[in-house]
């Protein structure tokens, strides 16, 4: 059960840390280009759909997804924050271009990771890529940003520039190479005749948008718990057993659950083999034959409905906070492009 819980939680939290930083001055995600190769830095065509439009999870959305920030909304808030930070820096006479948000989208719209929550579910993709992600989602758009001077870091962050990592040759046994914010001190009081903002331009941008760090993973944790609980349900156990039997009949023995199939099917180099593609296709066919996804989704939805009832006040607060942030961000974006 330890392996199951670890795997389930990883699936539930997989998409939560994949958001990249926001857009640069004077551009939008639809028009920004990579000067090096002419390709868009941000291509919305590669962004995940809010609700799957194909595969066994087509049109499915778990109850807790209503309390999760969508990828588009996360990008909008990040873009707005960076626009504010760039404008703030300019007020101090500093021109700064920050990376654009949305350049490297995750495979799922939110922390539920519904497309792969119960293992792979899209046969058309499995026929091409096996258990791997489509090539567009494996690529990484690298955005460079110039190194900031000490005073620029102070204006941006409200503290001094962290000390450089120590030379490995000078490190004593057991001593860390570097510690986050190592050696930082409060920033100077003013620059270019203007008082620095509390928390620097970053802190000021958060204040303008009303962003908060409260409960950053609470909903994702509930979703991880619901997945673990669902795997103990008799209906799900029976459906997984039927799926495993189906897979055995196709020559894939010893697969206790769909996560085992994913572990076996993922290749080391990210390039699907004919064997992994065959396994992936049989995996999805057996899911369809046994109604595994539909049964599992139904059981977990009921669990999440109870979670929502038990945590209604806290979840409502999180949803309202998301709403305030995205409303402020859209207002800022509208003002910025005028």
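For the reader, a short list of remarks on this structure follows.
- Residue within the range 300-316 that is exposed (fewer than 14 other Cβ atoms within 10 Å of the Cβ) and either under 22 Å from the mean Cα position of the chain (by Cα) or under 29 Å from residue 137 (Cα atoms) (or both) present: yes
- Residue 119 vs. criteria modelled with pLDDT of 95 or more and over 21 Å from the mean Cα position of the chain (by Cα): no
- Within the range 42-65, restricting attention to residues that are assigned to a helix (DSSP H, G or I) and touching a helix residue (DSSP H, G or I) at 6+ places or on another chain (Cβ under 7 Å), the residue that is surrounded by the most Cβ atoms within 10 Å (Cβ to Cβ) is 64.
- Residue among 268, 192 that alone is closer than 30 Å to residue 91 by Cβ and either at pLDDT 95 or above or surrounded by fewer than 19 Cβ atoms within 10 Å (Cβ to Cβ) (or both): 192
This table checks each residue for (1) modelled with pLDDT under 95; (2) in a strand (DSSP E or B); (3) over 18 Å from the mean Cα position of the chain (by Cα).
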residue: 77; (1), (2), (3): no, no, no
residue: 81; (1), (2), (3): no, no, no
residue: 89; (1), (2), (3): no, no, yes
residue: 107; (1), (2), (3): yes, no, no
residue: 111; (1), (2), (3): yes, no, no
residue: 115; (1), (2), (3): no, no, no
residue: 124; (1), (2), (3): no, no, yes
residue: 128; (1), (2), (3): no, no, yes
residue: 133; (1), (2), (3): yes, no, no
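- Some residue of the range 137-149 being crowded, with 24+ Cβ neighbours inside 10 Å and not in a loop (DSSP other than H, G, I, E, B): no
The values are calculated or read from the model by the stated rules, or taken from the named source; none is laboratory data. Not measured: the values here are computed from a predicted model. Here the Cβ is made from the backbone with ideal geometry for all residues, glycine too, and neighbour counts use every protein chain on show.
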